[in-house]
Structures are given as structure tokens and as C-alpha cells.
């Protein structure tokens, strides 16, 4: 017959571990917390007067209109937006439109020469 009372320390630890785990449900690990996105800027520098932090971009989701307005030189730009649009998108579109107009003006000046 096997004697249950005499075990080495290692065997005792193993048996204790097995008895502790038997019959218990495995607990689920908690999912890691979600990382928060940093807020994007809503104030930018003006492409006309180059004044820093003078252009404020606002989005009116009710009317789906995004607007960028310079507080110094009163230049403004507006565009239609969608649910995913951010103020940086309005400002970037304004800069892109300025570059398009400038290249058209340069092309027209070259054609006149």
C-alpha cells in the first residue's frame, strides 16, 4: 500500500497546487484599458497674414458645414463636412484650396508671357 503521509517538499507543493486548482473555474483576465486619443488642435496659423493661432475652425454638424475664420485679417473658408470630419480637416482643405488657386494664378501668368 502507498503511504500518503510521506512526500518530499516538491511533491507537497505540486499536490497542493493540484488540489487548489481542481474544480475551480478559470477566471478571465481583464482586458487592458482603452487608450485615449489626444485632442486635435482647433486653432491654426493664417495662410494670409501668417499670424499664429489666429484661425479658429468650427464644425456645425447640424448643418454639415465646417468654417475656418481668421480673427486678425477676417479671411474665412467654409466647406461641407461629414460625421467623421474634424477641425484639422477644414483647415487642411483651406490650405489645399489656397495652393490650387496659387498654381492656377501662376499658370495664367505664364500663359500671358
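Identify the residue in segment 32-59 that is assigned to a loop (DSSP other than H, G, I, E, B) and touching a helix residue (DSSP H, G or I) at 6+ places or on another chain (Cβ under 7 Å) and, among all such residues, is surrounded by the fewest Cβ atoms within 10 Å (Cβ to Cβ).
Here the residue is 40.
Just to verify a result, which residue in segment 69-88, among those that are touching a strand residue (DSSP E or B) at 6+ places or on another chain (Cβ under 7 Å) and closer than 21 Å to residue 38 by Cα, is surrounded by the most Cβ atoms within 10 Å (Cβ to Cβ)?
Checking each candidate, the answer is 87.
Where a number appears in this text, it was derived from the coordinates with a stated rule and is not lab data. Because the structure is a prediction, the values reported are computed rather than measured. We place every Cβ from the backbone using ideal geometry, glycine too, and count neighbours over all the protein chains shown.
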